[in-house]
Structures are given as C-alpha cells and as structure tokens.
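The values are calculated or read from the model by the stated rules, or taken from the named source; none is laboratory data. These numbers were taken from a predicted model, which means no experiment stands behind them. Backbone-built Cβ (ideal geometry, glycine too); neighbour counts: all protein chains shown.
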Amino acid sequence: MSVAPAPTVLLGNRFARELPEMAVPWQAEEAPEPQLLVLNEPLATELGLDPARLRSDEGVRLLVGTAVPPGATPVAQAYAGHQFGGLVPRLGDGRALLLGEVTDVAGRVRDLHLKGSGRTPFARGGDGLAAVGPMLREYVVSEAMHALGIPTTRSLAVVATGRAVRRETLLPGAVLARVASSHLRVGSFQFARLTGDVELLRRLADSAIGRHHPAAADAEHPYPALFEAVVAAQADLVARWMLVGFVHGVMNTDNMTISGETIDYGPCAFLDAYDPATVYSSIDSGGRYRYGNQPLAAEWDLARLAEALLPLLSDDQDEAIARAVEVLDTFRPRYEAAWSAGMRRKLGLPAGADDAVVTPLVEELLGLLEAGHVDLTSFFRSLSGAARGDAEPTRRLVLDLAAIDGWLARWRALGPDADAMDRVNPVYVPRNHLVEEALAAATEGDLAPLGRLLEAVTAPYDERPGLERHALPAPAGSAAYRTFCGT
Ligand code: AMP
Ligand code: MG
C-alpha cells in the first residue's frame with residue numbers, strides 16, 4: 001500500500017463554504033510547460049510553505065493551479081464594480097481563482113490566489129490569460145510596496161505557462177500566485193447588494209468584520225463601525241500612496257479592498273517628476289485616476305460602499321443614510337491627517353513644529369517640485385544630505401536656485417532629523433524605465449535585470465553599492481511613460 005505524500009500546502013475553503021452565492025467552483029487551465037520564473041522564498045516561509053517543495057514539479061503545478069491539494073475548493077469569486085464610473089453588475093474573477101486560505105506561521109488566515117489561470121464563467125470576452133510581463137510587474141511593484149511599508153497583497157511566485165498569449169503580439173503566458181489578507185472588495189459588497197438578498201449582504205459583512213476589522217463586532221452598531229474601519233484603512237492607504245508617488249491607475253470599486261491592502265496592479269507606476277496631473281494608464285483618457293485625483297477617487301468608491309451597505313446601517317432608511325454620510329465625512333480629515341503626518345516625517349520635522357509654519361512650507365515645496373519637474377523620490381532622499389550640510393544634490397534637482405535656497409534655509413531652521421528621514425524616504429522605488437527594462441529582458445528569457453531590480457526595491461531605504469543606476473531619475477528625454485491595461 002502506498003501512502004499519499006503530504007500536500008505541499010493545507011488550503012481551507014472558508015470563502016467557498018461561507019459565501020457560496022459568490023463562489024463558483026472552478027479549475028485552472030492546463031499549463032503546457034510550466035516554468036518557475038520567480039519565487040518569493042521569505043513569503044513562502046512566512047506562509048509555512050517549504051520553498052524547496054514549491055520549486056518541485058508538484059509545487060510548480062500547485063502554483064499554476066493544476067495540482068490542487070486534497071480538501072481545497074478553488075473558486076472564481078463573483079463581484080460587481082464601477083469601472084470608470086459605470087456600474088458593471090457582474091464582473092468577478094475572469095481569469096483568476098481563489099485556491100483557498102492558508103494559515104500562516106503567525107496564525108493569520110490569508111488567501112492564496114492565482115491570476116492568469118484561464119477563463120472562468122466571469123471571463124466575458126477575455127481569454128482568461130496573462131502575459132509574463134504584466135505578472136512580473138505585479139510581482140515587482142507589490143513587493144516594492146510591501147518593503148515600503150504600504151499595505152498590499154503580496155506576490156508568491158510567477159510561473160511561465162509555456163502557452164502563448166495573444167495581445168498586440170504573441171507573448172509568453174504566465175500565472176501569478178498572490179497572497180492577500182482577503183480578496184473582499186467594495187465590488188463584493190455591490191454584488192451582494194444587487195442580489196437583493198440582505199442576509200447574504202450580512203453574511204459578507206460579518207465575514208469582513210471577522211477577517212479584517214474584528215473591533216467592529218464589539219461596537220454598538222457593528223456595520224457602521226465596519227464601514228468606518230474601511231474608510232479609515234483606505235484614507236491611510238491612499239495617503240501612503242500619495243507620499244511615495246504611487247499611481248494605481250484603475251481605482252475602480254472592484255479594485256478597492258475591504259482590508260485596506262493595495263490590490264490589482266495593472267497600469268500602475270511611480271511618479272518620476274512630481275506632477276499631480278500625471279496619468280500613466282493608456283485607457284484613462286479622462287484622467288479620472290490621475291495621481292492628484294486619487295484621494296477623491298477613493299472617497300467616491302467609498303460612497304459606493306456606503307450605498308451597498310445601506311440596508312445594514314439601520315432599519316430606518318433616513319437613519320441609514322445619515323450614518324453613511326457621517327462616516328463618509330470622516331474620510332477627508334483622516335486622509336489629511338495621515339498625509340500631513342507622513343509629509344512631516346518625510347521632511348524630518350520634530351513633533352512640535354508649528355502647523356502655521358509647516359503648512360505653507362509644504363505648499364511652497366510642492367509648487368517648486370511641480371514647476372521644476374523634479375524627481376520626487378530623488379528629491380526627498382537628497383534632503384537628508386541637505387539636513388547634514390550638503391545641499392548640492394538637492395540644488396541640482398531644482399531649477400529655481402533662489403527659491404530652493406530660501407526654502408532650504410527656512411526648513412533647516414526647524415531642525416530636521418536626517419537619520420529619521422532616511423528611514424522614510426526610499427532610495428529605490430520601481431522606476432518606470434527600470435521596470436520596463438527588466439520586464440522586456442525577462443520576456444526574452446533574461447531574468448538578471450529583474451533580479452537586480454528586486455534586490456533594490458525590496459530593501460528600499462538602504463543605499464548599497466552596485467545599485468547606483470536604480471537610485472537615479474529616468475534619463476533626460478525618456479518618452480512620456482504609458483502603461484497598458486491589456487494585461
Ligand atoms: P482589472 O481591471 O484587471 O481589475 O479587471 C477587471 C475585470 O476584467 C475583472 O473582472 C477581471 O477578471 C477581468 N479580466 C481582465 N483581464 C481578463 C482576461 N484576459 N480574461 C478574462 N477576464 C479578464
Ligand atoms: Mg481587478
């Protein structure tokens with residue numbers, strides 16, 4: 001008698017059991033020739049998975065969804081979503097599967113999810129597939145965000161499938177294995193609300209409270225408290241994006257999590273030159289999701305969450321609306337507070353620095369950065385040098401020397417802490433020209449540039465020899481950067 005080997009991973013099926021109305025059991029498409037391109041060993045270990053086993057044939061088949069551990073129920077999740085302002089009632093995982101939940105070594109329940117694993121009943125016109133480049137982009141950018149301390153889904157692995165994907169040209173296909181504290185989105189609540197089944201909506205809300213915002217369970221009114229917790233998490237998240245110059249690109253309601261993690265890295269990018277009007281996504285012709293509009297876009301999405309939650313906020317409709325508005329009104333002050341506190345940290349300012357001095361100083365700085373098309377990451381990192389007495393690198397970045405000298409003098413008078421600044425202003429972010437270079441090389445089979453980029457951005461605050469290129473702004477004359485959603 002042969003004994004079946006222990007599974008590589010134990011996967012729960014809690015979502016599939018608790019919310020079957022929103023889960024379609026499904027399986028991944030065969031991958032003709034799976035080849036592991038990148039594995040996140042520290043994350044694997046955190047999940048209690050053995051990296052060596054994940055590298056084995058069986059492990060790689062797990063990572064593309066073709067070897068499902070016993071007891072697991074992979075599902076495509078149903079959700080709705082406002083896409084660029086228009087409601088799509090039935091969106092769902094068109095090319096993704098929730099494999100199941102893993103309990104990590106710290107005891108936290110986390111989703112293991114695949115993207116690019118083939119068509120599902122939600123695929124609409126899509127092919128259900130993903131290309132190597134965009135999946136590696138999500139891997140790099142999500143891991144960079146994590147290293148920057150920004151809540152995000154994580155990337156466990158990218159496996160090339162050996163199947164060609166037709167985009168503008170034929171491209172090598174891939175599956176991304178990603179990890180999230182859950183995949184519940186604003187769009188999940190919109191879907192539940194649109195079914196008209198209030199008990200489903202309640203079960204979904206209870207599940208979200210249990211997984212992400214347990215304190216809401218003890219509140220006098222748990223569902224308004226859930227909404228308030230999501231508003232707080234998103235206000236904090238978007239403030240962090242803004243401080244680091246991250247442009248998400250597609251802030252549709254299906255791409256906003258209930259947990260407060262950044263999700264769905266499509267046409268995302270980091271600012272080079274500081275400019276609130278920056279749009280990278282080729283499909284965002286109206287600039288709805290431009291850098292400077294992200295706080296408003298988030299607030300808009302949260303208003304859609306409020307609408308979806310209304311039947312749970314109170315039995316009395318007027319009271320439900322009043323509660324929704326009251327909570328939604330907390331978004332702006334929370335966002336402002338998070339952003340201002342973060343900006344003070346970036347400037348190394350002591351806790352006691354007077355708002356009446358700091359606020360105009362910050363406004364003036366942003367005006368200078370915009371007018372001079374100054375590289376955001378390089379500027380803030382250079383400032384610690386200026387605090388230590390060498391302002392030349394900062395001055396070289398800014399066109400208007402008289403203005404920056406005046407600004408620096410007033411800022412230095414506040415006593416900035418250079419070491420504290422180096423802990424919050426990254427040297428390395430995934431700069432657009434380096435991401436493109438790494439993805440193009442990887443698509444051709446050369447993984448070395450990707451490896452160096454990951455080395456830089458996964459330890460973003462420690463300047464290291466050998467990574468000088470990764471700390472420099474894009475070469476002058478770089479074409480206006482565009483990212484594509486046909487991912
Ligand atoms: P996204 O903008 O990437 O968040 O995707 C929006 C919706 O389109 C989701 O429902 C995705 O599952 C679906 N989708 C995106 N690309 C594809 C594809 N190639 N095949 C099927 N569905 C897709
Ligand atoms: Mg999405």
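Worth a mention:
- Among the candidates Pro465, Pro460, residue that is at pLDDT 95 or above, part of a loop (DSSP other than H, G, I, E, B) and over 22 Å from the mean Cα position of the chain (by Cα): Pro465
Residue-by-condition table, conditions (1) surrounded by 24 or more Cβ atoms within 10 Å (Cβ to Cβ); (2) not in a loop (DSSP other than H, G, I, E, B):
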{"position": "Gly94", "(1), (2)": "no, no"}
{"position": "Leu97", "(1), (2)": "yes, yes"}
{"position": "Ala106", "(1), (2)": "no, no"}
{"position": "Pro121", "(1), (2)": "no, no"}
{"position": "Gly126", "(1), (2)": "no, no"}
{"position": "Ser142", "(1), (2)": "yes, yes"}
{"position": "His146", "(1), (2)": "no, yes"}
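- When Thr66 is tested against (1) surrounded by fewer than 23 Cβ atoms within 10 Å (Cβ to Cβ); (2) touching a residue at least 40 places away in the same chain (Cβ under 8 Å); (3) more than 16 Å from ligand 1 (Cβ to nearest atom), exactly one condition is not met: (2).
- Residue in segment 72-88 that is nearest to ligand 2 (Cβ to nearest atom), counting only those that are under 23 Å from Gly249 (Cβ atoms) and assigned to a loop (DSSP other than H, G, I, E, B): Tyr79
- Criterion violated by Val75 - all others in (1) surrounded by fewer than 20 Cβ atoms within 10 Å (Cβ to Cβ); (2) closer than 30 Å to Leu302 by Cα satisfied: (1)
- Filter result for Ala351 (surrounded by fewer than 21 Cβ atoms within 10 Å (Cβ to Cβ), in the same structural domain as Val198 (by TED's automatic domain parsing) and either over 23 Å from the mean Cα position of the chain (by Cα) or not in a helix (DSSP H, G or I) (or both)): no
- Qualifying positions in segment 73-94 - aromatic (Phe, Trp, Tyr) and more than 9 Å from ligand 1 (Cβ to nearest atom): Phe84
- Taking (1) buried (at least 20 other Cβ atoms within 10 Å of the Cβ); (2) over 24 Å from Val165 (Cα atoms); (3) within 11 Å of ligand 1 (Cβ to nearest atom) in turn, Asn40 satisfies each apart from (3).
- Tabulated pairs, segment 280-299, first over 29 Å from Glu228 (Cα atoms) and assigned by TED's automatic domain parsing to the domain that holds Leu237, second outside any loop (DSSP other than H, G, I, E, B) and among the hydrophobic types (A, V, I, L, M, F, W, C), C-beta under 6 angstrom, 6+ apart or interchain: Tyr280/Val247; Tyr280/Ala269
- Asp315 being part of a loop (DSSP other than H, G, I, E, B) and surrounded by fewer than 23 Cβ atoms within 10 Å (Cβ to Cβ): yes
- Within segment 148-192, the set of residues being more than 27 Å from Arg304 (Cα to Cα) and either assigned to a loop (DSSP other than H, G, I, E, B) or basic (Lys, Arg) (or both) comprises Leu148, Gly149, Arg163, Arg166, Arg167, Glu168, Thr169.
- Being closer than 26 Å to Pro426 by Cα, free of Cβ contacts under 8 Å to residues at least 12 places away in the same chain and not hydroxyl-bearing (Ser, Thr, Tyr) is a property that does not hold for Glu364.
- In segment 304-328, the residues that are touching a residue at least 60 places away in the same chain (Cβ under 8 Å) and in the same structural domain as Met251 (by TED's automatic domain parsing) reach residues that are surrounded by 17 or more Cβ atoms within 10 Å (Cβ to Cβ) and of a type in the set (Asp, Glu) with C-beta atoms within less than 8 angstrom, at least six apart or across chains, in these pairs: Val327/Glu228; Leu328/Glu299.
- In segment 108-129, the residues that are more than 18 Å from Leu43 (Cβ to Cβ) form Cβ pairs under 7 Å with partners that are more than 11 Å from ligand 1 (Cβ to nearest atom) and of a type in the set (Phe, Trp, Tyr), at six or more places apart or across chains, as follows: Thr120/Trp26.
- Of all residues in segment 151-208, those that are hydroxyl-bearing (Ser, Thr, Tyr), within 30 Å of Ala219 (Cα to Cα) and more than 16 Å from ligand 2 (Cβ to nearest atom) total 3.
- Total residues in segment 268-287 satisfying the condition of being out of contact with any helix residue (DSSP H, G or I) (no Cβ under 9 Å at 6 or more places or on another chain) and within 16 Å of ligand 2 (Cβ to nearest atom): the figure is 3.
Residue by residue, here is whether (1) more than 14 Å from ligand 2 (Cβ to nearest atom); (2) part of a helix (DSSP H, G or I) holds:
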position: Ala215; (1), (2): yes, yes
position: Glu220; (1), (2): yes, no
position: Leu226; (1), (2): yes, yes
position: Leu237; (1), (2): yes, yes
position: Trp241; (1), (2): yes, yes
position: Met251; (1), (2): no, no
position: Asp254; (1), (2): no, yes
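- Residues that are near ligand 1 (Cβ under 10 Å from one of its atoms) and either under 16 Å from Leu366 (Cβ atoms) or in contact with a Lys or Arg (Cβ under 8 Å, 6 or more places away or on another chain) (or both) within segment 252-266 comprise Asp254, Asn255, Ile263, Tyr265, listed in sequence order.
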